[in-house]
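Visitor: Dropping the structure in here first, questions after.
The values are calculated or read from the model by the stated rules, or taken from the named source; none is laboratory data. Predicted model, so just to flag it, every value in this text is computed and none were measured. Neighbour counts run over all protein chains shown; Cβ positions are idealised from the backbone, glycine included.
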Amino acid sequence: MISPKERLKVVLKEKETVDRPPCICPGGMMNMIVKDIMDITNIYWPEAHNDPQKMADLTYRLYKNGGFENVGVPFCMTVEAEAMGAKVKMGTEITEPRVTEYPINSVTEYMNLTEILSTKKDEKDENGNITREQVILDSIKILKNKDKDVPVVANLTGPVSVASSLMEPITYYKELRSKPEKVHEYMDFVTDNLIKFGKAQLKAGADVLAISDPSGTGEILGPKMFKEYAMPYLNKLIEETQDYAQTGTIIHICGRLKSIYGEIKTLESDAISFDSITDVKQVVENVPGKAIMGNVSTFALENGNPESIGRMSNACMKFGVDILSPACGIGVRTKLENIQAMVNTAKNSSNSNLKN
């Protein structure tokens, strides 16, 4: 019987048909952790964000309780920004960490940023904690030894999203037009740091690299700016890390993709993941040569019931997704039974029936 890791690898790397679609939720911006699993494990946010063992146990126990067919860390999209100098509020049991203070005011100040993984491995902050980058790496090392058949997903926040988390986003978007040369210098700096962190996660034992760039969408940037400021850096990131991602690479883009299908075709990732606002059939038609991942509504997962989630999951697979997943991660209040319904729908499907 094919393992979850083998099934995902065949879909991502070999682009071949397997028995059925895998059902995954990467982590990072596409968080997979829900309050129900915190109650089952007695491990809670925000403590788990700073503890490698608790982080690993949370994501693994979700898998063991009928959840997604992968494990993945972290559970937010602030690790990179914090490592580079942003101040972060760690949130609560039901709210994710968020940036509260930017380290720079303009792209021209990027030289003042801290580089990711610039502190010593065992160096601790003023609260006695190791850096969150090191928490992630240590958690991945734990996860890789828990179950060899389950894919470990490393996560990165995308270049535009990190860049706009280190300074006031409105200023960043304005400077795309007013300071293009400096913006490209800044984006190179940010991307080089992400490459370093991505490689470190994969070397620590992760099988898959997932990149989510919610601030770098075609809707926010427009097709021209997306092509200039998002595409080159996403592809640079993939090109420099793909040899380390033995099971494959995924890029998630939020919002409508219609205006940027031409650009999406040239992404170097093995899979494209997308928002529920985008029609699966359109992506299948317009983005050949990639595994299509999605796109059960995050809102529906939180507010629906197992029966409705099963119907939506079946529809996504029937329309052509190769990997079944939530559209943009899941809300913390999502019921575990809804996640189980989604996973069970995938497990009970078969690609031979879906194609008929």
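Visitor: Scan region 104-147 residue by residue and report those that are in contact (Cβ under 8 Å) with a residue 60 or more places away in the chain and small (Gly, Ala, Ser).
Guide: The answer is Ser106, Ser139.
Visitor: List the helices (runs of 4 or more DSSP H) inside region 153-237, counting only whole elements, that have at least 2 residues being closer than 21 Å to Thr114 by Cβ and touching a residue at least 24 places away in the same chain (Cβ under 8 Å).
Guide: Details: elements: 159-163, 169-178, 180-204, 218-225.
The qualifying helices (runs of 4 or more DSSP H) are 159-163, 169-178, 180-204.
Visitor: List pairs: first residue in region 64-81 and within 16 Å of Leu166 (Cβ to Cβ) and at pLDDT 95 or above, second residue of a type in the set (D, E, K, R) and part of a strand (DSSP E or B) anywhere in the structure, Cβ distance under 7 angstrom, at least six positions apart or on different chains.
Guide: Taking only residues 6 or more apart or on different chains, the pairs are Thr78/Arg98.
Visitor: Sticking with this one: Looking at Ile116 and the list (1) assigned to a loop (DSSP other than H, G, I, E, B); (2) at pLDDT 95 or above; (3) surrounded by fewer than 22 Cβ atoms within 10 Å (Cβ to Cβ), which single condition is not satisfied?
Guide: All conditions are met except number (3).
Visitor: Could you name every one of the helices (runs of 4 or more DSSP H) located completely within region 1-74 that has at least 2 residues being charged (D, E, K, R) and under 17 Å from Thr95 (Cβ atoms)? Steps first, please.
Guide: On the way: elements: 4-9, 35-41, 52-64.
Ranges flagged: 35-41.
Visitor: Still on this model: Could you figure out which of (1) in contact with a Ser or Thr (Cβ under 6 Å, 6 or more places away or on another chain); (2) at pLDDT 95 or above isn't true of Glu228?
Guide: (1)
Visitor: Additional query: Looking at region 314-326, I want the residues that are on the phi > 0 side of the Ramachandran plot and have a partner that is of a type in the set (Val, Ile, Thr) with Cβ atoms under 9 Å, at least 6 apart or on another chain. Which pairs are those?
Guide: Qualifying pairs under 9 Å: Gly320/Val280; Gly320/Val283; Gly320/Val284; Gly320/Ile292.
Visitor: Something else now. Hey, among the residues in region 77-93 that are closer than 20 Å to Gly27 by Cα and of a type in the set (A, V, I, L, M, F, W, C), which one's surrounded by the most Cβ atoms within 10 Å (Cβ to Cβ)? Reasoning before the result, please.
Guide: At the first step, the residues of region 77-93 found to be closer than 20 Å to Gly27 by Cα are 77-83, 88-93.
Next, from what is left, pick out any that are of a type in the set (A, V, I, L, M, F, W, C): 77, 79, 81, 83, 88, 90.
Values: Met77: 28, Val79: 26, Ala81: 26, Ala83: 24, Val88: 19, Met90: 17.
Within region 77-93, the match that is surrounded by the most Cβ atoms within 10 Å (Cβ to Cβ) is Met77.
Visitor: Now a separate question. Name every residue in region 119-135 that is assigned to a helix (DSSP H, G or I), touching a strand residue (DSSP E or B) at 6+ places or on another chain (Cβ under 9 Å) and under 26 Å from Tyr186 (Cβ atoms), in order of residue number. Please lay out each step first, then the result.
Guide: Initially, region 119-135 is screened for residues assigned to a helix (DSSP H, G or I), giving 132-135.
If we keep only those that are touching a strand residue (DSSP E or B) at 6+ places or on another chain (Cβ under 9 Å) too, we end up with 132, 135.
Residue satisfying the conditions is Arg132 alone.
Visitor: Here's another thing I want to ask about it. Scan region 99-113 for residues that are assigned to a loop (DSSP other than H, G, I, E, B) and either of a type outside the set (Ser, Thr, Tyr) or exposed (fewer than 13 other Cβ atoms within 10 Å of the Cβ) (or both) and jot them down.
Guide: Quick first cut of region 99-113, residues assigned to a loop (DSSP other than H, G, I, E, B) only: 102-106, 113.
Hits for region 99-113 are Pro103, Ile104, Asn105, Leu113.
Condition check ((1) among the basic types (Lys, Arg); (2) under 19 Å from Pro180 (Cβ atoms); (3) surrounded by fewer than 21 Cβ atoms within 10 Å (Cβ to Cβ)) across all residues:
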site: Lys203; (1), (2), (3): yes, no, yes
site: Asp207; (1), (2), (3): no, no, no
site: Ser212; (1), (2), (3): no, no, no
site: Leu234; (1), (2), (3): no, yes, no
site: Ile250; (1), (2), (3): no, no, no
site: Gly255; (1), (2), (3): no, no, yes
site: Thr266; (1), (2), (3): no, no, yes
site: Phe274; (1), (2), (3): no, no, no
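Visitor: Next question. Out of (1) crowded, with 16+ Cβ neighbours inside 10 Å; (2) among the small types (Gly, Ala, Ser); (3) modelled with pLDDT under 95, what's the single condition that is false for Ser352?
Guide: All conditions are met except number (1).
Visitor: Of the residues that make up region 2-17, is at least one among the small types (Gly, Ala, Ser) and closer than 13 Å to Phe75 by Cβ? Write out each step before concluding.
Guide: Just the residues of region 2-17 that are among the small types (Gly, Ala, Ser), to begin with: 3.
Now restrict to residues that are closer than 13 Å to Phe75 by Cβ: none.
Looking for residues that are among the small types (Gly, Ala, Ser) and closer than 13 Å to Phe75 by Cβ, one finds none in region 2-17, hence no.
Visitor: OK, next. Among (1) under 27 Å from Ile238 (Cβ atoms); (2) charged (D, E, K, R); (3) outside any helix (DSSP H, G or I), which single condition is Asp138 missing?
Guide: Asp138 satisfies all of (1) under 27 Å from Ile238 (Cβ atoms); (2) charged (D, E, K, R); (3) outside any helix (DSSP H, G or I) except (3).
Visitor: Here's a follow-up. Could we say that Glu96 is buried (at least 20 other Cβ atoms within 10 Å of the Cβ), in contact (Cβ under 8 Å) with a residue 60 or more places away in the chain, in a loop (DSSP other than H, G, I, E, B) and in contact with a strand residue (DSSP E or B) (Cβ under 7 Å, 6 or more places away or on another chain) here? Lay out the reasoning, then the answer.
Guide: On the way: buried (at least 20 other Cβ atoms within 10 Å of the Cβ): yes; in contact (Cβ under 8 Å) with a residue 60 or more places away in the chain: yes; in a loop (DSSP other than H, G, I, E, B): yes; in contact with a strand residue (DSSP E or B) (Cβ under 7 Å, 6 or more places away or on another chain): no.
Taking the combined requirement at face value, the residue does not satisfy it.
Visitor: Do you know which residues across region 236-248 are surrounded by fewer than 18 Cβ atoms within 10 Å (Cβ to Cβ) and within 24 Å of Met111 (Cα to Cα)?
Guide: The one that is surrounded by fewer than 18 Cβ atoms within 10 Å (Cβ to Cβ) and within 24 Å of Met111 (Cα to Cα): Glu240.
Visitor: If only one of Leu143, Leu137, Leu156, Leu166 is more than 18 Å from the chain's Cα centre (by Cα), modelled with pLDDT of 95 or more and of a type in the set (A, V, I, L, M, F, W, C), which one is it?
Guide: On the way: Leu143 fails: more than 18 Å from the chain's Cα centre (by Cα); Leu137 fails: more than 18 Å from the chain's Cα centre (by Cα); Leu156 fails: more than 18 Å from the chain's Cα centre (by Cα).
Of Leu143, Leu137, Leu156, Leu166, the one residue that is more than 18 Å from the chain's Cα centre (by Cα), modelled with pLDDT of 95 or more and of a type in the set (A, V, I, L, M, F, W, C) is Leu166.
Visitor: Then there is this: Here are some residues: Lys9, Lys54. Which one is without any contact (Cβ under 8 Å) to a residue 12 or more places away in the chain and under 20 Å from the mean Cα position of the chain (by Cα)? Break it down into steps so the answer makes sense when it comes.
Guide: On the way: Lys9 fails: without any contact (Cβ under 8 Å) to a residue 12 or more places away in the chain.
Going through Lys9, Lys54 in turn, just one is without any contact (Cβ under 8 Å) to a residue 12 or more places away in the chain and under 20 Å from the mean Cα position of the chain (by Cα): Lys54.
Visitor: What's the number of the only condition in (1) within 20 Å of Pro151 (Cβ to Cβ); (2) surrounded by fewer than 23 Cβ atoms within 10 Å (Cβ to Cβ) that Lys54 fails to meet?
Guide: (1)
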